[in-house]
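Take a look at the structure set out below.
We did not get these values from a lab; they are worked out from the coordinates using the rules stated. Everything quoted here is computed from the prediction, not taken from an experiment. Cβ atoms come from the backbone with ideal geometry, glycine included; neighbour counts cover every protein chain shown.
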Amino acid sequence: MDFFFCLPILFGCKTTVKPDGDQIPRVCPRCNNAAVISAKSRDWFEICFVPLIPMSSKHIWTCSICQWSMRVEAGGWEPTPVGQAGPPPAGYYPPNWQQAHYPPANQYQYQPQTPSYGPPQVQQQVPKY
Ligand SMILES: [Zn+2]
């Protein structure tokens, strides 16, 4: 004797991001705004749009302005805290102050290895008379 209940159950996954850790604003490497905070990203298994079962979670850096995000790696690169970068004393801007807003070291940036498409080899075609 079998009963089958055909209920419209909707499954899905949802990712929530909550601020986590020190909420020191950091400089975003993409948009250079001090809007990067550390957060915890957690995937939820949801049924009928209700997140029920917590799944994997990870710590991320996320920018609230441009939505840039990066996984926090222990001992890895992290965005520059605003407190270390400035602000400079009022009325005085040292020439190298902007260096604090440079993008991070390129060791964690994805650099596509595209083959160099140089100009085509122009062959000197000597017209024959
Ligand atoms: Zn940003």
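When you count, for each residue, the other Cβ atoms within 10 Å and take the mean per peptide, how do 37-44, 52-59 rank with the highest first? Present the calculation step by step, with values, prior to reporting the outcome.
On the way: 37-44: 18.0, 52-59: 11.4.
By packing density, highest mean first, the sequence is 37-44, 52-59.
Would you mind putting 26-33, 68-75 in packing order, based on average other-beta-carbon counts within 10 Å, highest first? Let's see the in-between values first.
Values: 26-33: 18.8, 68-75: 12.5.
Taking the mean over residues of other Cβ atoms within 10 Å, the ranking is 26-33, 68-75.
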